[in-house]
Each structure stands twice: as C-alpha cells, then as structure tokens.
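J.: This is the structure I want to talk about, given as structure tokens.
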Amino acid sequence: MNRFFKSYCVIALSTLILTSCSGKNNNVASPTPLSSSSQVTIPQSTPSTVSSDLPDATATAASATESSAPKSATPGSINKFSDLFSIEHILDIRKASDNTFYNTSQLLLYTIADLLTKADKIDNNNPEDRAIAAKFDRKKYDYVLQFDGAKPIFVSIKDSIVYFDGETEYYRLWADSKKLWENITFDTTKKLADIKEKGLEIQDKSFDSDINGDGKKEKISLVYKGGKGFDFKGDLLLRVENSDAVVLPQTQWQVNPKRTISQPPTVYFMPQKGSNNKILIVTLTWFAGSIQTSGDVFAYSFNNGKLTDLDLRAPQTVFKYTGGNTVTMEFPQIKSSQVVKFDQPGYERLIEEGKALKDLFNDPNAFSNSPLYFKLEDYDGDGINELCSMSTLMFESLGKMSMGFQYTFYKGSNDKLGPVKVIIAPPFIDDDNDSQIERLIMGYIFEYNHLTFINDEIKDSWYKPSNKYKKNEIASCINRMISENKLYKKGNNVYVKTN
C-alpha cells in the first residue's frame, strides 16, 4: 500500500440505522417495525484511523437473522436518501418482471444500502448530467426497492440510475452494479431474497485504456468489494486485466446520508519520459469539515501482467530559521530551497509561554503536510503531464499557524515517480499584497496549468482582472517568480520551471 498522505481531521458523525427483524414488536414509537434481536448503527467514517471522543465508529450486529422483515414493508412518503437513512427500515424487493415482493436477508439489505450510500444526485445545472437525464427512460427499470415508510425506489441496472417513485430527481450510482443483481437469489417458498456470499464485488467502474502503447486497450477498473460484516466497510481494488491491487482496505466512503467525499475514486494515466508505459494514478478526495478537503493518491505500474505499488511520498521538509519574518524551507531530495515570508508578530502570539518560534521550527514532529487536491496536467510545457499535489502546511500544536500551500510536482521515469519541483505559496499576510498575489498566481497555475502573459498582462479568456490588485503589482509578482526560477516564460505562456 502506497498511501501518499493521511487526512488528519475527524468528520462529524451521523448515524445510518438499518434493522434486521425476526419478530414483531408491538411497542413501536416510529412507523417502522423494530426488533430487539438485531440493531445496526452505521456512522460516517474517516479515511484514516484517528483518535476521537466521538462515539465508537465501529458498527456492530447483535445477531444475524434470516430476513430483514417479519412482514411486507409499507410504502410511505420518504423521498430523499437523507431521510431514508435517518431511521430504522426494513426492505422488500421485486423484479420489474414480477409483481411479487420478497423480504430481504440482512446481508442483502446491507449490501443494497451500501450501494445506495454511493449514489449521487444528477445535477441538471451540469450539461453532462443534464444530457444523461434527458436520455434516460424512467419506464425501463429492473428492480423496485420498497423500504418501509418510503416511496418505492426504481433501479435501472443498464443506466446505473435510481429514483424515487413520483419524483423528478435522479441519482446515479458510482459504478456498474450488474454483478450484485446477478447474484441475488429469490426463494419462492420463503419469499426471501438473498445473495450468495459476503464480500461480493458490488460495483465496477471501467477505465479501459492503452497503457503500454501497443495499440490495444487494457481492461482497467476500480472495483468496490463489499465487507465481510455489516459495517459498510469494503475494499477498493484497482484491477488491470487479471491483476488486482488493494487501494483502500475496509474503508467506508459515501455520498448519502451525508457526503464524506468531494471527489469519488478515479483513475488517471500518467505518461513517462522515454517509455510507452503509463503509470496508473488513483485519487480520491475526502471532506474534512464543512469547507475543507483532504486527499489520497496512489500510484501503480503494470508490467508483465502484474500491478506493482510505486513509492510516492511528499519530499522531506527542513526548516532553517534564524529570526525575523522569513524562514528557509529546504527540500534535500530535490536539492532546492525557498525563503517563505510569514506574519512574525502574529505567529509569536500563538507560541506557548517560555518557547520561541525557533523551537517550533526545529521540532521535526510539529509540522504536517496535509493534501487537498491532485491534478495531472502539463505544468512545465514539455508536452508530458506532471502530477501536482496541492497541500496545506500546518503546525499541528498551534492549529492556526500555516506556512501556506505547497505545490509539489512529480514526474514519471522508469516506472517510478519522483518530485522534481516544490513551490510554496506563502501564508496570507494582511497588508502584504505581494504574498497575497503569489498565492493567487499559484492557484491559477494549479487550476489552468499555465498563464498567457502578454505585455505584462494575463490574457487568458477565463481571467477576470482583480479589483483588489493593480496590473503592475500582478505583473511584478509574476516576473519576480520567473526571476526566482519558480516559473518560466515560453512564448506568450508562463509555466512551472521544473528543471
């Protein structure tokens, strides 16, 4: 496992409760039949193991029962996943070709619920989503899911779309779920629907591509394999032809009832200099608070029919501080350094009594590099894409003391990935326009991979002139970054200087 970074924050827990019933309970305060035999609470989880005083994030099952329902589920008014996953429910299921509803086993109940937690709403404001919705024929569905107290949910396997009866909103499943539905069995005697085994491959998202330059596409997919228990924690696999690599073992990620990811797992293909083979990059981005994110990235090579983990790490950072409002950040791995300006009086107020800023900078355990996003673009204008990570630089003990954003650029060579350039966008400093503009410029570079810079002005069609900073201030900052070998100009374009 080549996990690049771990996220360091806890996502607030909310519970998703499902019930497996084996008998009647007449003393019920909710409209849903409950059972004392088995109750399972599923909270949202974070991508990494963290200490917390929040409730235990491990779901438990008191017992397994034959069926999730002692009687048929009753339709109701619930028409949103946020409401559906907030209270206990039983589930019945039927095929579109059959009018008979079947109770579901506990395993099938959890497997279908896990599938639905990863269904994202189709956004009609997005042209691509709007086109998908326009082509979808809601009359062509394969299954009907009846959760007690909810409107029926219709499932289209071919289109990977689900929707509530009578509602106009569509939800798209993260990936193809054909294998799940093919493995459902229907016992006509017991009127019970079940699946054959635990740990079934629930979803499979295809990324077929020619990754060795032979003109033929390899079969490439991300596979979500359900867990062995009832806790919504499954394995995320990368599969190339017949070779599998476990990207994330026993990890919970979801869109419903509350989103824990801003970008679901996806695969990128990174070219290498002097080779037809492409490196496979798997990324996903977690929500780490109301507006913050935290990312994971993994890299693999594929040779002789086998996937191999590639070592992918942030370069070591060494702080050299002798006083004043600047610190030198050294990166021995790539033999480079950068002087970073910061708010000295403001940061000194954060230091505990009896210590100085120098003590903090000299503590190798005080600093953390936490990723936000990853992109694969041609950042240096050489025609070959680089992997860029954007991360925050924080001193953990102080919380609010940030050294800015770090942009790390990686190149592939000989089936290996290594950092070739680091640029620090300094922390925000009041009344220091130059540092603020440098942060702005690096944000533009990260998003658009280069700037069109003619006669000391940004001329890109997407660019909207700033009301806060003057043209000459922006031009001066860009030219300074060029003189410091952070950027360079090629024709009318400004790129990252990686060599």
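A short reminder: the numbers here are calculations on the coordinates, not readings from a lab. What you see is a predicted model, and the numbers here were worked out from it, not measured in a lab. No Cβ is skipped: glycine too gets one built from the backbone with ideal geometry, and neighbour counts run over all protein chains shown.
J.: Starting from the Cα of V246, move 7 Å in the Cα-to-Cβ direction to define the label point; list residues of region 219-233 whose amide nitrogen is under 18 Å from there.
T.: 222-233
J.: Now a separate question. Hey, what do the phi angles of region 95-105 turn into as Karplus ³J(HN,Hα) couplings, whole Hz, using 6.51/-1.76/1.60 and θ = phi - 60°, x for Gly and Pro?
T.: Going residue by residue, I get 7, 4, 7, 10, 7, 8, 8, 10, 5, 10, 5 Hz, with x marking Gly and Pro.
J.: While we're on this one: How many nm separate the modelled label positions at N212 and D123, each set 7 Å beyond the Cα in the direction of the Cβ?
T.: 3.8 nm
J.: Just to be sure I understand the model, the point goes 7 Å from the Cα along the line to the Cβ. What's the resulting D137 to L350 distance in nm?
T.: For D137 paired with L350, the spin-label model returns 5.9 nm.
J.: In whole Hz, with x marking every Gly and Pro, tabulate ³J(HN,Hα) for region 118-126 from phi via Karplus 6.51 cos²θ - 1.76 cosθ + 1.60, θ = phi - 60°.
T.: Residue by residue, region 118-126 yields 9, 8, 10, 5, 6, 8, 5, 7, 9 Hz.
J.: On to the next question. Provide the per-residue ³J(HN,Hα) series for region 410-422, in order, calculated from phi with Karplus coefficients 6.51, -1.76, 1.60 and θ = phi - 60°, each as a whole number of Hz, with x at glycine and proline positions.
T.: Values per residue, Gly and Pro as x: 10, 10, x, 7, 6, 6, 9, 10, x, x, 10, 7, 10 Hz.
J.: Name the residues whose placed amide hydrogens come within less than 5 Å of the amide hydrogen of N493, ignoring near sequence neighbours (fewer than 5 apart) on the same chain.
T.: Residues meeting the criterion, in which the H sits 1.01 Å from N, are F453.
J.: Also, quick follow-up: Student exercise: in region 216-269, how many lysine pairs 8 or more apart or on different chains have Cα atoms under 27 Å apart?
T.: For region 216-269, the number of qualifying lysine pairs is 7.
J.: For the pair S476 and N414, what calculated FRET efficiency results from E = 1/(1 + (r/R0)^6), where r is the Cβ-Cβ distance and R0 = 30 Å, to the nearest 0.05?
T.: Taking R0 as 30 Å, the efficiency between N414 and S476 is 0.15.
J.: Still on this structure, please answer the following. Under 17 Å from a point 7 Å along the Cα-to-Cβ line of F428: which residues of region 450-473 have their amide N that close?
T.: 467-469
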